[in-house]
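Q: My questions all concern the structure below.
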Amino acid sequence: MTNTILVTGGTGYIGGEIIDQALAAGKTVHTTVRNQAKSEPCLRERWPDAGERLKVFQADLENDEGWADACTGCDGVAHVASPFPISVPKSADEIVEPARAGAMRALTFAQAAGIKRFVLTSSAAAIAYGHPPGQTVFDEKDWTDLDNPSVPPYHRSKTVAERDARTWVAAHAPEMSFCSVNPVAVLGPVPNDDLSTSIALVQRLVTGEIPAIPDLGFGIVDVRDVAKAHLLALDAPEEKVRNERFAVSDKFLWMKDIAAIIRERTPAYAGKVPSRKLPSIFVKLLAPLVADLQQIKGELGRTRDVSGKHAAEVLGLEYISAKDSVEATTRSLVEHGIVKF
Ligand code: NAP
């Protein structure tokens, strides 16, 4: 069992949920943030009773400062921090190198501190992209094909970071028990108005910012299960998790299904949720002119159903249903006043 863990990216959606569950389980948590003066007060406000069991360190993925202190005294790392931009960056370099270098930094400083349990937050983006259109079902054996130029920058960043992390561990850290958790789109309750990119999907449906529903689909997993998977992976017997990849997913849903769930489960908040379809031909015609449409053009009609079965079997995860997760997202957006009625 780990007692003191480093969770990188404590300001983030997934990082915050891991901290929440780790503190509730009695662990001491170190966490990194980019700007301590700005972020530590917010974290202290979220966990007012944590006291000395929560230690906040300033560390950026792109330089060495702060990492040694953050790792000192820890026996496990959940490396969660990585760029997750809402819009496509102009060049892949903007996010691939920070993601890769950040993973390397977390690993090398963890090893120097004698840490033997390491869980990397990777993504289904490192599994299910760049494959022939006929492939619709994926699991941990699949790797995103970086030779395919259509793979977007974020998906490249996650694939390169995970691949290089695994290669480094195999070559330089045989003593380390390393595995990755690879979530599909993460939904669920939000703690504040600092929204992760995945939550923007539901937010924009509820606010009516998405005026018609494109033919897009996503695997859905709840943030509480993603955090649980990290903690289970950190504390499982080493032989069960060493070098594993754990895709975490409850179910693949089309956007029209997500809209229907919002209408069924939270009718009071569904007034602006669109029901008409956005014709795919329209998206393709306008894509050269509108950056957001450019981003989704290649995804229209595409099923990328990443199985979460292996994580359920090995870690004993029981997934919160995607329906419950969509409902929890909608309700918490309203409860926090992020979406107003
Ligand atoms: P998020 O809320 O945007 O969190 C990202 C975290 O990474 C933030 O704490 C952010 O810090 C930190 N970060 C980004 N660039 C950094 C840098 N250069 N130096 C230090 N910290 C940096 O997103 P999230 O949804 O929690 O995602 C967390 C992880 O899960 C990411 O690795 C993402 O790829 C992965 N993931 C997410 C989803 C999803 O649907 N949400 C699905 C699969 C995988 P700031 O607050 O300072 O920006």
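The values are calculated or read from the model by the stated rules, or taken from the named source; none is laboratory data. Because the structure is a prediction, the values reported are computed rather than measured. Cβ placement follows ideal geometry from the backbone for every residue including glycine, while neighbour counts extend to all protein chains displayed. Heads up: the accessible areas ignore ligands, DNA and RNA and are worked out on the full protein's heavy atoms, side chains in. Shrake-Rupley method; radii C 1.70, N 1.55, O 1.52, S 1.80 Å.
Q: Could you list all residues from the range 214-243 that are touching a helix residue (DSSP H, G or I) at 6+ places or on another chain (Cβ under 7 Å), under 21 Å from GLU17 (Cβ atoms) and either surrounded by fewer than 17 Cβ atoms within 10 Å (Cβ to Cβ) or acidic (Asp, Glu) (or both)?
A: Selection gives ASP222 alone.
Q: Quick one: LYS141 ticks every box in (1) open to solvent by less than 20 Å² (accessible area, probe 1.4 Å); (2) farther than 26 Å from GLU17 by Cβ; (3) away from the ligand (no atom under 16 Å from the Cβ); (4) not hydroxyl-bearing (Ser, Thr, Tyr) except a single one, so which number is it?
A: (1)
Q: Count, please, the residues in the range 147-162 that happen to be within 16 Å of the ligand (Cβ to nearest atom), open to solvent by 40 Å² or more (accessible area, probe 1.4 Å) and at pLDDT 95 or above.
A: So in the range 147-162, the residues within 16 Å of the ligand (Cβ to nearest atom) come out as 151-162.
After this cut, where a residue has to be open to solvent by 40 Å² or more (accessible area, probe 1.4 Å) as well, the list is 152, 154, 156.
With the extra rule that they be at pLDDT 95 or above, the set shrinks to 156.
Adding up the residues that qualify gives 1.
Q: I'm trying to understand the selection: among the residues of the range 190-226, which are acidic (Asp, Glu) and touching a Cys at 6+ places or on another chain (Cβ under 9 Å)?
A: Filtering the range 190-226 for residues acidic (Asp, Glu) gives 193-194, 209, 215, 222, 225.
Once the filter is applied, which keeps residues that are acidic (Asp, Glu) and touching a Cys at 6+ places or on another chain (Cβ under 9 Å), the range 190-226 yields only ASP194.
Q: Inside the range 59-81, can you point out the residues that are more than 12 Å from the ligand (Cβ to nearest atom), open to solvent by 70 Å² or more (accessible area, probe 1.4 Å) and either of a type in the set (Val, Ile, Thr) or within 23 Å of the chain's Cα centre (by Cα) (or both)?
A: Matches in the range 59-81: THR72 only.
Q: Here's another thing I want to ask about it. Before we move on, is VAL206 assigned to a helix (DSSP H, G or I), open to solvent by less than 10 Å² (accessible area, probe 1.4 Å), away from the ligand (no atom under 13 Å from the Cβ) and aliphatic (A, V, I, L, M)?
A: The answer is yes for VAL206.
Q: Give the range 171-194 a look and list any residue that's touching a residue at least 12 places away in the same chain (Cβ under 8 Å) and more than 24 Å from VAL306 (Cα to Cα), or say none.
A: So the first thing to find is which residues in the range 171-194 are touching a residue at least 12 places away in the same chain (Cβ under 8 Å), and the list is 172-173, 175-194.
Those that are touching a residue at least 12 places away in the same chain (Cβ under 8 Å) and more than 24 Å from VAL306 (Cα to Cα): HIS172, ALA173, GLU175, MET176, SER177, PRO191, ASN192, ASP193, ASP194.
Q: In the list ALA112, ALA101, which residue meets the criterion of being over 15 Å from the mean Cα position of the chain (by Cα), surrounded by fewer than 24 Cβ atoms within 10 Å (Cβ to Cβ) and within 13 Å of the ligand (Cβ to nearest atom)? Talk me through it step by step, then tell me what you get.
A: Values: ALA112 fails: within 13 Å of the ligand (Cβ to nearest atom).
The conditions single out ALA101.
Q: Answer yes or no as to whether GLU94 is within 11 Å of the ligand (Cβ to nearest atom), touching a helix residue (DSSP H, G or I) at 6+ places or on another chain (Cβ under 8 Å), modelled with pLDDT under 95 and open to solvent by 10 Å² or more (accessible area, probe 1.4 Å).
A: Numbers: within 11 Å of the ligand (Cβ to nearest atom): yes; touching a helix residue (DSSP H, G or I) at 6+ places or on another chain (Cβ under 8 Å): yes; modelled with pLDDT under 95: yes; open to solvent by 10 Å² or more (accessible area, probe 1.4 Å): yes.
Answer is yes for this residue.
Q: Tell me whether the range 32-39 contains one or more residues that are more than 18 Å from SER82 (Cα to Cα), among the aliphatic types (A, V, I, L, M) and not in a loop (DSSP other than H, G, I, E, B). Before you say what the answer is, go through the steps one by one.
A: Within the range 32-39, the first condition is being more than 18 Å from SER82 (Cα to Cα), and the residues that meet it are 37-38.
If we keep only those that are among the aliphatic types (A, V, I, L, M) as well, we get 37.
The next check asks that each one be not in a loop (DSSP other than H, G, I, E, B); those that pass are 37.
Taking every residue of the range 32-39 in turn, at least one turns out to be more than 18 Å from SER82 (Cα to Cα), among the aliphatic types (A, V, I, L, M) and not in a loop (DSSP other than H, G, I, E, B).
Q: Hey, among the residues in the range 163-191 that are polar (S, T, N, Q) and more than 14 Å from the ligand (Cβ to nearest atom), which one's nearest to ILE19 (Cα to Cα)? I'd like the intermediate steps shown before the answer.
A: Taking the range 163-191 as the starting set, the residues that turn out to be polar (S, T, N, Q) are 167, 177, 180, 182.
Narrowing the set further to residues that are more than 14 Å from the ligand (Cβ to nearest atom) leaves 167, 177.
Values: THR167: 28, SER177: 21 Å.
So the residue we want is SER177.
Q: Out of all the residues in the range 1-58, which are open to solvent by 30 Å² or more (accessible area, probe 1.4 Å), among the polar types (S, T, N, Q) and near the ligand (Cβ under 10 Å from one of its atoms)?
A: Within the range 1-58, THR11, ASN35, GLN58 meet the criteria.
Q: List, please: which pairs have Cβ atoms under 7 Å, are six or more places apart or on different chains, and start with a residue in the range 1-28 that is closer than 14 Å to TRP47 by Cβ and end with one that is assigned to a strand (DSSP E or B) and within 8 Å of the ligand (Cβ to nearest atom)?
A: GLY10/THR32; GLY10/VAL33; THR11/VAL33; GLY15/THR8
Q: With the condition kept exactly as written, say whether any residue in the range 120-133 is outside any loop (DSSP other than H, G, I, E, B), away from the ligand (no atom under 16 Å from the Cβ) and not hydroxyl-bearing (Ser, Thr, Tyr). Reasoning before the result, please.
A: Narrowing the range 120-133 to residues outside any loop (DSSP other than H, G, I, E, B): 120-121, 124-126.
If we keep only those that are away from the ligand (no atom under 16 Å from the Cβ) as well, we get none.
Taking every residue of the range 120-133 in turn, none turns out to be outside any loop (DSSP other than H, G, I, E, B), away from the ligand (no atom under 16 Å from the Cβ) and not hydroxyl-bearing (Ser, Thr, Tyr).
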